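Below is one structure, written out as structure tokens; comments come after it.
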Amino acid sequence: MLRDRVRLASVSAARAAGAFARGAAAPYHLMKSMAIAPPERLRIAPPDIRTTDSTVADQIYAGYFSFDGKTVQARGVSPFLVAAPSECWRRSLAGFSWLRHLQASDNRAALATAQELVADFLSLPKIPADDPAMEPAVVARRLLSFLSQSPTLLDGADADFYDAFMLALARNARLLWRALAGDGARGADRAFCAIALAEFAVCADTGRKIAPHVSRALSAELDRQILIDGGHVSRNPQVAVDLLLDLLPLRQVIAARGLQTPSAVLRAIDRMMPMLRMLQHGDGSLALFNGMGATALDRLASALAHEDTRGAPPVNAPYAGYQRMEAGDALVIVDAGGPPPFEFSLCAHAGCLSFEYSLGIERVVVNCG
């Protein structure tokens, strides 16, 4: 009892000291972030390996925006000006991940719609800091989406749109720099912010000055969040899938530029791939532990398709706290771990010794997710 109290007191003191140090350094990082200049050009555009859906493009072209179980019909009004039905809907809209569906469309009108919608967003007055669109994770998603879709968005664009787009890239990068330097981003969001900032540093011609600092920040987050056995410290399998879908394009774009990929990025990718296969049932879906919902099989397949070597899935992940037992077509996956650190426990369950059982492609015993 006394030992636990001492440990908690030490953790609290460390957090307080860290918060004080970050607060003291805030003016310095504010000044440093302002040095991130708008690019004159982008040297390369990263790929988006997430799958696309032409029906989503058709819906957006028709003025219907469906995210997170909510649908809004814009009726000729900018979707960024309508009342958001939920904060999750607003986050998805402002993250612009849906641009990939329009980019993949063969409909020239749909591509023009993508440019118009981005122009609508760029023309908005200053967005309040408490708007979900300004949350660090949403800003990171928006920066990644803008960079990956930049060839389409800038194709035939006039000078005003081009300048506004480049300025938006720099502003987003500044926000992420400050979020990483302070307490703006927490938990897994810090890794996504670092990935987005690293892509900006690689793709933008003005990113060279911040590249060393960003590389160190990204490496530190990956070493902190990806455990030795490949599990994410949150113990949520979905976080590992999402990280891979962003880390793999980053690795590709760094290689295409002829730059050296940080070893922490390579380690994280190599460790997470087998871990995800360990948590797969016979139907391809992942076990529902600690916030994992229904598996988007297309996204999981896109991530695992980049695995260089594919052996038998591991059966023991002591750091992540999962065990796998197989006998013929029978498979049991067991949660044998403790709670994750508080910072990463938003979706965690009190599920120690819970298990899932499947027989071939049939799920027999499952968790609620």
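Every read-out reported here was derived from the displayed coordinates using simple, explicitly stated rules and does not represent laboratory data. Just so it is clear, the structure is predicted and the values come from calculations on it, not from any experiment. Positions of Cβ are backbone-derived with ideal geometry, glycine not excepted, and every protein chain shown enters the neighbour counts.
A viscosity of 1.002 mPa s and a temperature of 20 °C, combined with the Kirkwood radius over C-alpha pairs in the Stokes-Einstein formula, give the range 246-369 a diffusion coefficient of 135 µm²/s. Overall, the chain carries a charge dipole of about 1280 debye about its Cα centre when +1 sits on the Cβ of Lys and Arg and -1 on the Cβ of Asp and Glu, all other atoms neutral.
Estimated from the Cβ-Cβ distance and a Förster radius of 22 angstrom, the FRET efficiency linking Ala220 and Gln252 is about 0.50. Ranked by the mean number of other Cβ atoms within 10 Å per residue, highest first, peptides 245-253, 41-49, 80-88 order as 245-253, 41-49, 80-88.
The stretch between Asp158 and Asp270 holds 36.1 nm of extra length on full extension. This uses 0.36 nm per residue minus the Cα-Cα distance.
Translational D (Stokes-Einstein, µm²/s) of the range 47-125 at 25 °C and 0.890 mPa s when Rh comes from the Kirkwood sum over C-alpha pairs? So the translational diffusion coefficient is about 192 µm²/s. Note on the range 258-369: with charges restricted to the Cβ of Lys and Arg (+1) and Asp and Glu (-1), its dipole about the Cα centre is near 200 debye.
Binning the alpha carbon pair distances of the range 243-296 at 5 angstrom intervals from zero yields the distribution 4, 17, 22, 20, 15, 11, 8, 3, expressed in whole percent.
Note on the chain: with a GNM built from Cα contacts shorter than 10 Å, the maximum mean-square fluctuation among Ala301, Ala133, Ala173 falls on Ala301.
The convex hull drawn around the Cα atoms of the range 25-225, when projected onto a plane and averaged over every direction, covers 11.3 nm². Volume of the convex hull of the chain (Cα atoms only), normalised per residue: 156 Å³.
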